[in-house]
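Note sheet for the following structure.
The values are calculated or read from the model by the stated rules, or taken from the named source; none is laboratory data. Since the model is a prediction, treat every value here as computed from it, not as a measurement. Ideal geometry is used to build each Cβ from the backbone, glycine not excepted, and the neighbour counts take in all protein chains shown. We work out accessible area using only protein heavy atoms, side chains counted, and drop any ligands, DNA or RNA first. Shrake-Rupley method; radii C 1.70, N 1.55, O 1.52, S 1.80 Å.
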Amino acid sequence: KLEDVDEKSGVKGFFEYVETFCYALVLMIALLLFVFRMVTVDGASMQHTLHHQDKLIISDLFYTPKTGDIVVINPESHSADEAPIIKRVIATEGQKVFIDYENWEVFVDGVKLDEPYIEPMRKELQETWGRDVAMIPADDDIYNKEFTVSEGMVFVMGDNRNNSRDSRSALYGEMNVNRILGRVMFRISPEFGLVD
């Protein structure tokens, strides 16, 4: 009968829809497990690019660090229960870096970085944070003069230079590329969009 044919094709269509949905769900879960990861920003060191509690998607698939990338990294100095940090790659292995602490300009291979994303520097905060974020370089600070990033390492800084513990700090210094968990691809909350 025609009614039976319509009913069977309707049921078949429903099961095909459910099957397609299940395949898509499994694929999405596999991508999230093996290609992409979700992370949450903790703190204000990347303001105003990223904010506390922003939800981000990162990936390390075929990733090679380059200047300007925002990465999630797990410093070697961290204990097992400490969360990874989110910073911007300033320079990679072999690049020469000079930080002008007077004018708060960063030079990589002799060229001043164009950094419209950074929080303007405030001298009173430099004095408050001091060596903790290496705002005031000490005599023995290797980052007080031009230096070359070591092989297999990256030099990273937060966009909020007034309040970012990063590679300038004696606690971290240069970081091993093997400790990078992934590059930030895009933000999913509170608003969806690319991050750069």
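Observations, loosely collected:
- Subset of segment 69-82 (residues that are within 15 Å of ASP166 (Cβ to Cβ) and of a type outside the set (D, E, K, R)): ILE70, VAL71, VAL72, ILE73, ASN74, PRO75, SER77, HIS78
- Across segment 66-79, the qualifying residues are those that are farther than 23 Å from LYS96 by Cα and surrounded by 14 or more Cβ atoms within 10 Å (Cβ to Cβ), and the one among them that is modelled with the highest pLDDT is ASN74.
Here's the yes/no breakdown for (1) modelled with pLDDT under 85; (2) within 19 Å of PHE186 (Cβ to Cβ):
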position	(1), (2)
LEU27	yes, yes
LEU32	yes, yes
ALA44	no, no
THR49	no, yes
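- Residue within segment 131-144 that is of a type in the set (S, T, N, Q) and modelled with pLDDT of 90 or more present: no
- The residues of segment 147-181 that are in contact with a Phe, Trp or Tyr (Cβ under 9 Å, 6 or more places away or on another chain), modelled with pLDDT of 90 or more and either part of a loop (DSSP other than H, G, I, E, B) or among the aromatic types (Phe, Trp, Tyr) (or both), listed by number, are PHE147, VAL149, PHE155, ASP159, GLU174.
- Complete set of residues in segment 72-90 that are of a type in the set (A, V, I, L, M, F, W, C) and closer than 16 Å to GLY182 by Cα: VAL72, ILE73, ALA83, ILE85, ILE86, VAL89, ILE90
- Picking from residues in segment 161-179 that are among the basic types (Lys, Arg) and open to solvent by 40 Å² or more (accessible area, probe 1.4 Å), the one that is nearest to SER77 (Cα to Cα) is ARG179.
- Residue pairs whose Cβ atoms lie under 8 Å apart, sitting 6 or more positions apart in sequence or on different chains, and linking a residue in segment 73-96 that is over 20 Å from ASP60 (Cβ atoms) to a partner that is of a type in the set (D, E, K, R) and part of a loop (DSSP other than H, G, I, E, B), are GLY94/GLU151; GLN95/ASP109; LYS96/ASP109; LYS96/GLU146.
- Scanning segment 35-65 for residues that are more than 16 Å from ASN178 (Cβ to Cβ) and open to solvent by 70 Å² or more (accessible area, probe 1.4 Å) yields a total of 7.
- Qualifying residue in segment 99-106 (condition: loosely packed, with under 12 Cβ neighbours inside 10 Å and modelled with pLDDT of 95 or more): no
- Looking across segment 80-98 at every residue that is within 17 Å of the chain's Cα centre (by Cα) and of a type in the set (Gly, Ala, Ser), the one that is most open to solvent (accessible area, probe 1.4 Å) is identified as ALA83.
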